[in-house]
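In what follows, a single structure is set out as structure tokens and then discussed.
The values are calculated or read from the model by the stated rules, or taken from the named source; none is laboratory data. From a predicted model like this one, the values you see are computed outputs, not experimental measurements. Neighbour counts run over all protein chains shown; Cβ positions are idealised from the backbone, glycine included.
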């Protein structure tokens, strides 16, 4: 858990990118501190998103915070969770900043990160019966092209494996 | 039991959308009504989820520029600028002065066309079926002609590049822009004369959909909607990106936070945008229009992450980019203002009549391409 | 049955106009095609611009964009159809009364467009509903939409009363609505309506 002095020092160093990587257990306390401390007053959470670092086997949730009262920022608050679906959960910061509500739902929908304490955690962009988490790096989309006249790259590779969706001449020509 | 306690009533669940004359796109609201009054409202989105972020991870950095056009499809120039700004921040590219002035001109013209059409659509929701939209579209066509002369396309301009813009503005285009700016105050006067003191508009929008200031800040509301609630925060003044610190303009801030304030803020912002445009068109220097060291092919961004944002006409448009040093983004995320401004739609609509729901949604000014990406 | 031109002009001089019933039927339908208000994405803005004062679509009869599909006879699918939206598109199409036409406006409605790689994008609206006119472009100019409307009017004027879909007892009255599946829509395509094109052998 970073101490109050460590946080202040890092943020006042005026670095072009100030970012804080915290553990899941400390996230809520750090967020409340950042919001309520009179010298920091980060009352505005601008952007919440998740990044899938498949090589480091973690999903990182990033919160970008600004201050409307003191007009400074940004600070990137980052927290990591393991990629496996059962263990992939972090505390929700919606009780601290209401603006995180929809963006955390989107991170849940597209990455599978569960936010504990979120008032209404359900899918937002995909339909409810959908089971996959499409923005993960290991997601394989359904092969529903049915007709791709100029296949190249990934489409061509998958067509060669699955066949039947590209003209035969394209398969031969691009060998 | 109803409010009078005499008649036993039931609530009614209605789905407004996704095809509805007033939902500004494919957006659905699940509304639970007690008579005419809204008891619960759940927005449902995702009907235009076009996988922009996933596609962006598969193609080169510059190839994402046309896709940013299609985010907020009304304002393609500001979307391009936000993306170019985020990448330039990460790559450390310096943009020449003339390009910065051109970017400001394009962004403020976009602000003009967005706000006039947003007001037009808001009034369509109030019942002034299409007449204000026709006035707004007449002026928008002039600006689209200018965009077409400069960039080749009316709407999806794909005009900004990392380090500058794609082509230069010649004298004929500048004359066109000056002509548009010269006509705009007269158009605004005509527009305002028709609408601002119109008693139907005042009756339908004052004290409707009030958003308190503290809730606006906590719910990450940005743009004209936040300023109407009294939040004095304009990214052009706070971050001072581009050359905005050279222009003298005010930021209108509202008091009541209701729909009428949001309408008035947009009118006032249009007047301020005209001021910025006059100054920019007067002071634009000669020079290169793109940074000489900016490469377009095989452009690689150094490893790391970065967040760049601008004051788009609808709010704060930000791009969070993660790069591994390669030719394609590792993670590309759009922070859409319309999506986040919908967070408190339910709060604003509770206790209002169902007809006001549509007006409140119109005053939020959403574009589904941005909401769903 | 064509009428003799000499007889026609003679009668016209007397104030009597002779034409097949089919001509009147087609002319009245094509001159008052009412679109349903159905804008999905960016192409919808160009559709609104086509309905605005500069490129006036009211000149062609498409004056009133009806809000309810039950009162419309033309659906301009303008914008990307996502898989989440596809069942609603088919439902709306089923609710339109015959005779009805579909214009697929823009690259996204024809084949998925620039977003063809997406997991949630339907690669062409003609996978579930029959399309009469396709307009390429991203977005097509309002003039292109007007040209498409004129082409549709020509197509309608060539239709014959005894060969139309709505008087055909074997044609489907309704198209099946896809359901949301766990990974994709079920079925992913309406096989009776759309087959992948046959490859023409290269000479």
Listed by first then second residue, the pairs whose first member lies in the stretch C:56-73 and is touching a residue at least 60 places away in the same chain (Cβ under 8 Å), whose partner is surrounded by 13 or more Cβ atoms within 10 Å (Cβ to Cβ) and in a strand (DSSP E or B), with beta carbons under 6 Å and at least 6 positions apart or on separate chains, are C:62/C:35
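To keep it simple, each residue is scored yes or no on (1) outside any helix (DSSP H, G or I); (2) modelled with pLDDT of 90 or more; (3) crowded, with 24+ Cβ neighbours inside 10 Å.
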site: B:39; (1), (2), (3): yes, yes, no
site: B:58; (1), (2), (3): yes, no, no
site: B:81; (1), (2), (3): no, yes, yes
site: B:110; (1), (2), (3): no, yes, yes
site: B:122; (1), (2), (3): no, yes, yes
site: B:138; (1), (2), (3): no, yes, no
The condition from (1) modelled with pLDDT of 90 or more; (2) more than 11 Å from chain C (Cβ to nearest Cβ); (3) part of a loop (DSSP other than H, G, I, E, B) that residue B:128 misses is numbered (1)
Restricting the stretch C:4-49 to residues that are touching a strand residue (DSSP E or B) at 6+ places or on another chain (Cβ under 8 Å) and more than 18 Å from residue C:140 (Cβ to Cβ), the one modelled with the highest pLDDT turns out to be C:34
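Just one of C:120, C:132, C:126 is in contact with a strand residue (DSSP E or B) (Cβ under 6 Å, 6 or more places away or on another chain) and within 26 Å of residue B:51 (Cβ to Cβ); which is it? Full working, then the answer.
Numbers: C:132 fails: within 26 Å of residue B:51 (Cβ to Cβ); C:126 fails: in contact with a strand residue (DSSP E or B) (Cβ under 6 Å, 6 or more places away or on another chain).
On inspection, the qualifying residue turns out to be C:120.
Being under 14 Å from the mean Cα position of the chain (by Cα), outside any loop (DSSP other than H, G, I, E, B) and either within 10 Å of chain B (Cβ to nearest Cβ) or more than 18 Å from residue C:143 (Cα to Cα) (or both) is the requirement here; does residue C:70 meet it?
On the way: under 14 Å from the mean Cα position of the chain (by Cα): no; outside any loop (DSSP other than H, G, I, E, B): yes; either within 10 Å of chain B (Cβ to nearest Cβ) or more than 18 Å from residue C:143 (Cα to Cα) (or both): yes.
So residue C:70 fails the test.
Residue-wise test of (1) within 14 Å of chain A (Cβ to nearest Cβ); (2) within 14 Å of the chain's Cα centre (by Cα); (3) closer than 30 Å to residue B:360 by Cβ; (4) modelled with pLDDT of 95 or more.
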position	(1), (2), (3), (4)
B:296	no, no, no, no
B:308	yes, no, no, no
B:311	yes, yes, yes, no
B:343	yes, no, yes, no
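Residue by residue, here is whether (1) part of a strand (DSSP E or B); (2) in contact with a strand residue (DSSP E or B) (Cβ under 9 Å, 6 or more places away or on another chain); (3) modelled with pLDDT of 90 or more; (4) within 11 Å of another protein chain (Cβ to nearest Cβ) holds:
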position	(1), (2), (3), (4)
A:21	yes, yes, no, no
A:50	yes, yes, yes, yes
A:65	yes, yes, yes, yes
A:71	no, no, no, yes
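Please specify each residue of the stretch B:231-268 satisfying the condition of being free of Cβ contacts under 8 Å to residues at least 60 places away in the same chain and more than 26 Å from residue B:361 (Cβ to Cβ).
First, the residues of the stretch B:231-268 that are free of Cβ contacts under 8 Å to residues at least 60 places away in the same chain: B:231-233, B:237-238, B:240, B:245-246, B:248-258, B:260-261, B:265, B:268.
If the condition is that a residue be free of Cβ contacts under 8 Å to residues at least 60 places away in the same chain and more than 26 Å from residue B:361 (Cβ to Cβ), then B:237, B:238, B:240, B:245, B:246, B:248, B:249, B:250 are the ones that fit.
For the condition assigned to a loop (DSSP other than H, G, I, E, B) and more than 24 Å from residue C:139 (Cβ to Cβ), what is the one hit in B:8, B:88?
Numbers: B:88 fails: assigned to a loop (DSSP other than H, G, I, E, B).
Result of the check over B:8, B:88: B:8.
To keep it simple, each residue is scored yes or no on (1) away from every other protein chain (no Cβ under 14 Å); (2) under 25 Å from residue A:66 (Cα atoms); (3) not in a loop (DSSP other than H, G, I, E, B).
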residue	(1), (2), (3)
B:222	no, yes, no
B:227	no, yes, yes
B:236	no, yes, yes
B:240	no, yes, no
B:260	yes, no, yes
B:280	yes, no, yes
Across the stretch A:82-104, the tally of residues that are touching a strand residue (DSSP E or B) at 6+ places or on another chain (Cβ under 9 Å), facing chain B (nearest Cβ under 10 Å) and either farther than 21 Å from residue A:42 by Cβ or in a helix (DSSP H, G or I) (or both) stands at 3
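Quick one: would you say residue B:50 is crowded, with 24+ Cβ neighbours inside 10 Å, within 21 Å of the chain's Cα centre (by Cα) and more than 30 Å from residue B:344 (Cα to Cα)? Walk me through it before giving the result.
Working: crowded, with 24+ Cβ neighbours inside 10 Å: yes; within 21 Å of the chain's Cα centre (by Cα): yes; more than 30 Å from residue B:344 (Cα to Cα): no.
Answer is no for this residue.
Are there any helices (runs of 4 or more DSSP H) wholly within the stretch C:1-65 with 1 or more residues that are loosely packed, with under 14 Cβ neighbours inside 10 Å, and if so which?
Working: elements: C:5-13, C:21-30, C:42-51.
In the stretch C:1-65, C:5-13, C:21-30 are the helices (runs of 4 or more DSSP H) which contain 1 or more residues that are loosely packed, with under 14 Cβ neighbours inside 10 Å.
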(1) part of a helix (DSSP H, G or I); (2) more than 8 Å from every other protein chain (Cβ to nearest Cβ); (3) surrounded by 15 or more Cβ atoms within 10 Å (Cβ to Cβ) all hold for residue C:193 apart from (1)
Residue C:84 vs (1) under 23 Å from residue C:179 (Cβ atoms); (2) more than 17 Å from the chain's Cα centre (by Cα); (3) away from every other protein chain (no Cβ under 11 Å): all pass except (3)
Being closer than 25 Å to residue B:119 by Cβ and in a loop (DSSP other than H, G, I, E, B) narrows B:359, B:366 down to just B:366
Every listed condition ((1) in contact (Cβ under 8 Å) with a residue 40 or more places away in the chain; (2) closer than 14 Å to residue A:106 by Cβ) holds for residue B:54 save (1)
In the set B:47, B:67, the lone residue that is within 30 Å of residue B:159 (Cβ to Cβ), within 10 Å of chain C (Cβ to nearest Cβ) and outside any loop (DSSP other than H, G, I, E, B) is B:67
The residue from A:29, A:69 that alone is surrounded by fewer than 23 Cβ atoms within 10 Å (Cβ to Cβ) and touching a helix residue (DSSP H, G or I) at 6+ places or on another chain (Cβ under 9 Å) is A:69
Residues of the stretch B:317-337 being more than 10 Å from chain A (Cβ to nearest Cβ), in contact with a strand residue (DSSP E or B) (Cβ under 8 Å, 6 or more places away or on another chain) and more than 18 Å from residue B:72 (Cα to Cα), in sequence order, are B:321, B:323, B:329
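Can we say residue C:113 is on the phi > 0 side of the Ramachandran plot and in contact with a helix residue (DSSP H, G or I) (Cβ under 6 Å, 6 or more places away or on another chain)?
Numbers: on the phi > 0 side of the Ramachandran plot: yes; in contact with a helix residue (DSSP H, G or I) (Cβ under 6 Å, 6 or more places away or on another chain): yes.
Against the criterion (on the phi > 0 side of the Ramachandran plot and in contact with a helix residue (DSSP H, G or I) (Cβ under 6 Å, 6 or more places away or on another chain)), residue C:113 qualifies.
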When residue B:94 is run through (1) touching a residue at least 60 places away in the same chain (Cβ under 8 Å); (2) assigned to a loop (DSSP other than H, G, I, E, B); (3) within 14 Å of chain C (Cβ to nearest Cβ); (4) surrounded by fewer than 22 Cβ atoms within 10 Å (Cβ to Cβ), the failure sits at (3)
